[in-house]
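Below: the structure, in structure tokens.
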Amino acid sequence: MSTLNANIVALQMCSGTNPDENLATLADALNKLPATRPMLVCLPEAFLVFSKSGYDTLAVAKRITHYKQQLSALCKKHNIWLNAGTIPEPHKNDKYFAASHLFNSQGECVATYNKMHLFDVDVADKTASYRESDFTQAGDDVVVVATPFGKIGLTVCYDLRFSGLFSALVRQGAEIILVPSAFTVPTGQAHWQPLLRARAIETQCYVIAAAQYGTHQNGRQTYGHSIIISPWGEQIATLKSGVGFISGYADLNQLNKIRRDMPVQSHQRFREHLL
């Protein structure tokens, strides 16, 4: 049974190259949480380590069990559910998955989604060329998990551009979709909010997008603008710049009314052609 009006929080970060420092930043932020429970805390993509090279991230992946234990302990300490943005999980052939783990308040990992769409793109910024597939192994599985907040579908950043994945999540029952991200500034300025609102409107889901912001130690610049969007496409909360929390409530009564009044999914005539 889903708990209505459960509190959802997204943390905007400016992660650096040292995972221990990033974890310390997270631990300090969690100490500032309000007392409301149950609570889901959402972190951005690459929250644990925003490396200068794939080799550095691969080195962290080989020690990932240690960091997952720390995340588990934080969940138990603060009695929170935690979507740990992405962390690098080892894969064969010197690659890693960009894994988005969902931990419950007992510190158990109840779901894992491996980023499916990899960012191999040229962008008009200082980095210029992004080739995520050089070190990252693409995932294959669509992941939806039942939680006290509703049924949560997991995605990561560049997945946002592929509506077929979001349609697949809804067909598996998603009511809330998480989009931990590290959008570039040029693509964020052009497409971030329009894409997020479109995904919320077409799926009739809450969309929670925790983002990286600022100029990072690795030289990259990210867009920020963490946001929570309702199933009607309304902006519930946003943080354009800086580091900090935004929060909102997932009201499944509202969601069900929207879906009942406008039964988009039952009108869908292209199901068999979607992911």
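The values are calculated or read from the model by the stated rules, or taken from the named source; none is laboratory data. Keep in mind that what you see is a predicted model, and the values were worked out from it rather than measured. Reconstructed Cβ throughout: ideal geometry from the backbone, glycine too, with neighbour counts over all protein chains shown. Surface accessibility is based on the protein's heavy atoms, side chains included, excluding ligands, DNA and RNA. Shrake-Rupley method; radii C 1.70, N 1.55, O 1.52, S 1.80 Å.
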Q: Only one of these is loosely packed, with under 14 Cβ neighbours inside 10 Å, out of contact with any Lys or Arg (no Cβ under 9 Å at 6 or more places or on another chain) and either under 24 Å from Y223 (Cβ atoms) or free of Cβ contacts under 8 Å to residues at least 60 places away in the same chain (or both): N22, N31. Name it.
A: N31
(Q) Restricting to region 230-253, name every residue that is open to solvent by less than 60 Å² (accessible area, probe 1.4 Å), within 21 Å of V170 (Cα to Cα) and of a type in the set (S, T, N, Q). (A) S230
Q: Report whether or not D261 is within 19 Å of A10 (Cβ to Cβ) and more than 18 Å from the chain's Cα centre (by Cα).
A: no
Q) Any idea which of Q212, Q204 is of a type outside the set (D, E) and farther than 20 Å from Q12 by Cβ? A) Q204
Q. In region 95-122, how many residues are open to solvent by less than 40 Å² (accessible area, probe 1.4 Å), in a strand (DSSP E or B), over 15 Å from E45 (Cβ atoms) and in contact with a helix residue (DSSP H, G or I) (Cβ under 9 Å, 6 or more places away or on another chain)?
A. 1
Q. Looking at region 208-225, which of the residues that are out of contact with any Gly (no Cβ under 9 Å at 6 or more places or on another chain) and in a strand (DSSP E or B) is farthest from G153 (Cα to Cα)?
A. T215
Q. When both residues are 6+ apart or on different chains and their Cβ atoms are under 6 Å apart, which pairs have a first residue that lies in region 97-116 and is under 21 Å from A73 (Cα atoms), and a second that is part of a strand (DSSP E or B) and charged (D, E, K, R)?
A. A99/E89
Q: Could you grab me the full set of residues in region 263-272 that are surrounded by 13 or more Cβ atoms within 10 Å (Cβ to Cβ) and either among the small types (G, A, S) or over 21 Å from L165 (Cα atoms) (or both)?
A: none
Q: Give the residue, chosen from Q217, Q221, that is of a type outside the set (K, R) and open to solvent by 90 Å² or more (accessible area, probe 1.4 Å).
A: Q217
**Q.** region 59-94, residues that are among the small types (G, A, S), under 18 Å from G139 (Cα atoms) and either open to solvent by 40 Å² or more (accessible area, probe 1.4 Å) or within 17 Å of the chain's Cα centre (by Cα) (or both)
**A.** A84, G85
Q | Hits in region 161-175 (condition: free of Cβ contacts under 8 Å to residues at least 40 places away in the same chain and within 26 Å of I80 (Cα to Cα)) | A | F166, L169, Q172, G173, A174
Q | Any hit, region 65-81, residues being touching an Asp or Glu at 6+ places or on another chain (Cβ under 7 Å) and at pLDDT 95 or above | A | no
